[in-house]
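Okay, structure first, notes after.
The values are calculated or read from the model by the stated rules, or taken from the named source; none is laboratory data. Being a predicted model, the structure only gives us computed values, none of them experimental. Cβ coordinates were reconstructed from backbone atoms using ideal geometry, including for glycine residues, and neighbour counts include every protein chain displayed. Side chains included, ligands, DNA and RNA excluded: accessible areas come from the protein's heavy atoms. Shrake-Rupley method; radii C 1.70, N 1.55, O 1.52, S 1.80 Å.
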Amino acid sequence: MTSIDEEATQRTQPRLVSIDTTEGSLPCHLWLPASGRGPALVLCQEIFGVSEYIRARAADLADLGYVILAPEFYHRLPARTVDETRENFLQQGLALAGEVDWGTAVGEGVAALAWLGRQDFVDGNPGLIGFCFGGGLAFAIAAESDPSTLVSYYGSALPGLLGLADQVRSPQLHHFGDSDSYISGDQVAVIEETVTAGGRAEFHTYPGADHAFDNPHPAFHHAAASNEAWSRTVEFLARTLPR
């Protein structure tokens, strides 16, 4: 595995918080920007858990001035993260994601968003950002709540969630690679048509990029797509969740 942005994980360290939900306590990681306050995002993990990559992206966002809360959606499972140096890491991640009770995870995400919005160090109504498993989960959470904004990277569950599209009222930004091995081009086209129908969503595809192209692991990473998508994410958040 190539090294992630180790500087990002060093410059901003999270603290662990516990949120009360109807399903019990939800452990979460909380990053604060240098100012100690700001607009906020719930960050929904990929299938590998709140991995070093997800932590690095959280630190990137905190450096931009955002408060970031990353729930441990795998906290009831035998493992919360996957060792991406192991040969079968992808199968492990898929297996863990398959064990998650979807309705419980959505409810916990709604609770995390509400908790974040009540904190005195948060300015305004929080938003959502998610990657892979978390991209679809963030969409489902948005349908059950009222986040200020939503950014979804190649939401793997989106093909089965399009019936919720009318319930997602937030401005949205979606990223997909046009060579996604897990979501066909036809499915991506249907997702685009559905989520953009109300005029609330921006949708971008990236030539030659596979699923999980933002993850720095060499099995997934597409540098050009990652850089372009991140630039668009930063600009979109500046408009929809201004600092």
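Relative to the Cα centre, the charge distribution of region 51-172, modelled as +1 at Lys and Arg Cβ and -1 at Asp and Glu Cβ, gives a dipole magnitude of about 80 debye. Over all distinct Cα-Cα pairs of the chain, the Kirkwood formula returns a hydrodynamic radius of 17.6 Å. Here's how it looks for ILE19: its modeled amide H is under 5 Å from those of LEU26, CYS28, which are all 5 or more places away or on a different chain.
Highest-first packing order for the peptide set 131-142, 23-34, 196-207, 168-179 is 131-142, 168-179, 23-34, 196-207, based on the mean count of other beta carbon atoms within 10 Å.
Dipole magnitude for the chain: about 640 debye, using +1 per Lys or Arg Cβ and -1 per Asp or Glu Cβ, origin at the Cα centre. Could you grab the relative contact order for the chain? Cα pairs under 8 Å, six or more apart, rounded to a whole percent. Averaging sequence separation for qualifying contacts and normalising by length gives 17 percent for the chain.
Kirkwood analysis of region 63-115, using all unique Cα-Cα pairs, places the hydrodynamic radius at 12.8 Å. Inter-label distance, GLN13 to ASN227: 3.2 nm, where each label sits 7 Å from its Cα along the C-beta direction.
Report in % the part of the accessible area of region 75-164 that belongs to carbon and sulfur, leaving out ligands and nucleic acids; probe 1.4 Å. Summing carbon and sulfur atoms, their accessible area is 49 percent of the total for region 75-164. For region 29-79, relative contact order (Cα pairs under 8 Å, six or more residues apart, normalised by length) works out to 54 percent. Here the translational diffusion coefficient of region 120-174 follows from Stokes-Einstein with Rh set to the Kirkwood radius across Cα pairs; for 20 °C and 1.002 mPa s it amounts to 194 µm²/s.
A 1.4 Å probe run over the protein chains yields, for the chain, 41 Å² of accessible area per residue, whole-number rounding. Calculated over region 120-243, the projected area of the Cα convex hull averaged across directions stands at 7.5 nm². Using C-alpha pairs below 8 Å separated by at least 6 residues, the relative contact order for region 117-243 is 21 percent. Computed over region 51-174, the range of Cα coordinates on each principal axis works out to 43, 35, 25 Å, biggest value leading. Residues whose amide H comes within less than 5 Å of that of VAL151, counting only those at least five positions distant or on another chain, are LEU128, ILE129, GLY130, LEU173 (H built at 1.01 Å from N in the peptide plane).
Evaluating 6.51 cos²θ - 1.76 cosθ + 1.60 at θ = phi - 60° for every residue in region 76-86, the Karplus couplings come out as 8, 8, x, 9, 9, 9, 10, 6, 6, 8, 7 Hz, glycine and proline recorded as x.
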